[in-house]
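Everything below concerns the one structure shown next.
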Amino acid sequence: MALGKRPDNRQQELFIATAELARAPGHAFYEQLGKLLSAAEFDRWAEDVCRPYYAEGGRPGIPPGVYFRMLLIGYFEGIDAQRGIAWRCADSLSLKRFLGYGPTEATPDHSSLTKIRQRLGSEVYERMFEFVLRLVAEHKLLAAHEIGVDSTTLEANAAMKSIVRKDTGEDWREYVTGLMRETGAIGPDQEPSAEEVAKFDKRRKGKKVSNDDWENPHDKDAKIAKMKDGRTRLAYKAEHVVDLQTEVILAAEIYGANRADTATLVPSVEQAQDHVDATETGRLIGKIAADKGYHAIETLEGVERSALVGAKTYIPERQTKWNWEGKTSEQKRAVLNNRTRTQRDYGKRLQRKRSERVERSFAHVCDTGGGRRTWLRGLANIRKHHLVKAAAHNLGLILRKLLGAGKPRAYAAFCALVQLLHFAQITLRCFLRIPGNSKLNSRHSPLRLSA
């Protein structure tokens, strides 16, 4: 047989029959996800919810169900940018089939995803999250009695080099140059080089960048914060409220990175209770577990005064000396009751579950789900994007119950493990002559193989 060579310029076919086009059998994971959404009439629901945001006449746009399915693909495939989502959907025949497109049809472009996101209001994404939460309740995965709260930072699509002063509008280099002139490091009319500015900025004392004085002109909602790896970046704060019994995300809120945990606990838990109420299951949040960063007298009292009827906090205290001067009896009672609950065995078990399961939600949504780095700008846009990822995480829990895996890669590993165990069983029966399948033993016995 001679060596085959790949032609440099292959002549394209003028006409190709549709029957001759390659067709994918479909990915088993996305096939099951499509059946789940179709059984719940997700596409018809999405069209009814989004209809007020579209005109009556004109050329039909991209179906809302296709738009939300593409965002779900971004979570399941671990893609953080809309360009990557659009490319992946256009490249995969199985994903085209999941979206409802044929082999010859073009999938939506990334610019179309941007237009739809700008068109739809935040309440649409809120209702989409609640729709998935109702599916979770139908599959008996919603308990909502014990919840855990924690937060993490999301890197914003804005650079620290672009920050400017709020009062004067000076950028960083202009600001440092002014300091150099004030201290006499350079003359009044002298313009320093970039190296000189960096050297002076590195050596000067009292250097501090505050959100009260600085902002990014391209994304004013992004705040200066310290990331998990120690870097100082412009970021947002994502806060999850997680059902500790089933790992379902009940609320996924986005705040500025400078918002303290003590100031966002009550709003996030109240939002979680609103989402649970939308499922019409009648469940109430009863136990709230958080780390010591959420402990504050005002926060503990705020939980008792909020609409969370009967909710109790399990928040460890910081090691500090309390000064009860000027504090009310209600505040003192809230602190002492919380202290008693956290010191019990039940409170310690609840903290262990919180540290495991809430952090796992961040690992799925932010790290492997493509949500750690945001490519959008503005608090509203990032909240829309994060809500869909949280809804996809909840869908993954349903699929884990149905298929044994909550993501396509995990499903592939699960199938490979099942196949490996099957071959191991065949091998054991072959070489150990385990009775129970005489036909199998006769075909694969060592004597027959040696013969």
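The values are calculated or read from the model by the stated rules, or taken from the named source; none is laboratory data. Small disclaimer: the values here were computed from a predicted structure and weren't measured. Every residue, glycine among them, receives a Cβ derived from its backbone with ideal geometry; neighbour counts consider all protein chains shown.
Out of (1) touching a strand residue (DSSP E or B) at 6+ places or on another chain (Cβ under 6 Å); (2) free of Cβ contacts under 8 Å to residues at least 60 places away in the same chain; (3) not aliphatic (A, V, I, L, M), what's the single condition that is false for residue 215?
Failing condition for residue 215: (1).
Give the residue, chosen from 263, 251, 272, that is outside any helix (DSSP H, G or I) and not β-branched (Val, Ile, Thr).
251
Among the residues of the range 183-209, write down those that are in the same structural domain as residue 170 (by TED's automatic domain parsing), of a type in the set (Gly, Ala, Ser) and outside any helix (DSSP H, G or I).
Those that are in the same structural domain as residue 170 (by TED's automatic domain parsing), of a type in the set (Gly, Ala, Ser) and outside any helix (DSSP H, G or I): 184, 185, 187, 193.
Within the range 312-351, restricting attention to residues that are basic (Lys, Arg) and surrounded by fewer than 11 Cβ atoms within 10 Å (Cβ to Cβ), which residue is modelled with the highest pLDDT?
By that ranking, first place goes to 318.
Scanning the range 361-387 for residues that are over 8 Å from the mean Cα position of the chain (by Cα) and of a type in the set (A, V, I, L, M, F, W, C), which turns out surrounded by the fewest Cβ atoms within 10 Å (Cβ to Cβ)?
Within the range 361-387, the match that is surrounded by the fewest Cβ atoms within 10 Å (Cβ to Cβ) is 363.
Sort through 168, 152 and tell me the only one that's hydroxyl-bearing (Ser, Thr, Tyr), in contact (Cβ under 8 Å) with a residue 24 or more places away in the chain, outside any helix (DSSP H, G or I) and more than 30 Å from residue 49 (Cα to Cα).
The unique qualifying residue is 152.
Condition test on residue 198, is it more than 26 Å from residue 234 (Cβ to Cβ) and surrounded by 11 or more Cβ atoms within 10 Å (Cβ to Cβ)?
No; evaluated as a whole, the condition is false for this residue.
Do we have residue 165 as surrounded by fewer than 22 Cβ atoms within 10 Å (Cβ to Cβ), more than 27 Å from the chain's Cα centre (by Cα) and modelled with pLDDT of 90 or more here?
yes
Name the single residue, out of those in the range 77-93 being assigned to a helix (DSSP H, G or I) and out of contact with any helix residue (DSSP H, G or I) (no Cβ under 6 Å at 6 or more places or on another chain), that is farthest from residue 381 (Cα to Cα).
Within the range 77-93, the match that is farthest from residue 381 (Cα to Cα) is 93.
Can you tell me which residues in the range 55-72 are surrounded by 12 or more Cβ atoms within 10 Å (Cβ to Cβ) and either assigned to a helix (DSSP H, G or I) or free of Cβ contacts under 8 Å to residues at least 12 places away in the same chain (or both)?
Matches in the range 55-72: 64, 65, 66, 67, 68, 69, 70, 71, 72.
Can you name the residue in the range 267-302 that is of a type in the set (A, V, I, L, M) and crowded, with 21+ Cβ neighbours inside 10 Å and is also nearest to the chain's Cα centre (by Cα) among such residues?
Ranking the candidates gives 272 first.
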